[in-house]
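**Q** Pasting a structure below so you can have a look.
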Amino acid sequence: MKKTTLWIVAAVAGLVLLGLGYGVGWIAGVTGVGRTVPIEELSERERAFAERMQSVDLVGHFTIGNISGLEEVEGVSRDKNPERYEIASVSKLEGKGDRWRFDVRVVYMTVDVTLPVVVPIVWAGDTPMVSITDFSIPGLGEQFGARVLFYDERYAGTWDHGPYGGLMYGVIEPAGGGE
């Protein structure tokens, strides 16, 4: 093989490896597989939230403001549709921003999926709130929006997904407590 050809092959291989490295880093950032902040380095309110949200279930209901187009989905109504979020853990991620990873099983309507969901958390004093706008959740879709706060043994908020939206509310209980 000529020296020039060998150099070109090496350069292309280097670019491919660089691209793969970038791709893996991008996927880790998007999916939240990144490094978590050690619990001892969290502020008091962050530590309280992380500890509170270990092995818990959010059990409640959601409303749908406009069910047009959902009439054929069995059991769906405007008011009081059951929902369940089984949270294994919640961890703050390293890096800029207040990004947290929820390792969660989501169950509502026809959805039943387990995945890591990385969301920004904003704080109202000692009260954490998920705050997302035009958000994508791998496996569930795009155009999610929500403001959901966690206080004592309860959660409550608003949600939207494309043309649908409503309220959501319920209790935070130990995992498996309501089954």
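Coordinate-derived values only; no laboratory data. Everything quoted here is computed from the prediction, not taken from an experiment. Please note: Cβ atoms are built from the backbone with ideal geometry, for glycine as well, and neighbour counts cover all protein chains shown.
**Q** Give me the one-decimal nm value for the distance between modelled label points at Thr158 and Ser136, 7 Å along each residue's Cα-to-Cβ direction.
**A** Inter-label distance under the simple model: 2.5 nm.
**Q** Full-extension gain between Trp123 and Gln143, please, as 0.36 nm times their residue separation minus the C-alpha to C-alpha distance. Mind showing how you got there, number by number?
**A** Values: separation 20, 0.36 × 20 = 7.20 nm, distance 2.29 nm.
Working it through step by step, the gained length comes to 4.9 nm.
**Q** Could you state the per residue volume, in Å³, of the convex hull enclosing the Cα atoms of segment 39-174? Spell out each step's value before the answer.
**A** Working: hull volume 14.5 nm³, N = 136.
Output value, Cα hull per residue: 106 Å³.
**Q** Per residue and in Å³, how big is the convex hull formed by the alpha-carbon atoms of segment 94-179? Before the final figure, lay out each step's value.
**A** Details: hull volume 10.6 nm³, N = 86.
Hull volume normalised by residue count: 123 Å³.
**Q** R0 = 41 Å: FRET efficiency of Ser77 with Arg35, Cβ-based, nearest 0.05? Before the final figure, lay out the partial values.
**A** Working: r = 43 Å, r/R0 = 1.04.
Rounded to the nearest 0.05, the efficiency is 0.45.
**Q** Follow-up question, since we're still on this one. Label Arg105 and Ser55 with points 7 Å out from Cα along Cα→Cβ: what is the distance between them in nm?
**A** 1.5
**Q** What FRET efficiency comes out for Glu44 versus Ser89 if R0 is 22 angstrom and r is the Cβ-Cβ distance? Round to the nearest 0.05. Let's see the in-between values first.
**A** Numbers: r = 19 Å, r/R0 = 0.86.
So, using R0 = 22 Å, E works out to roughly 0.70.
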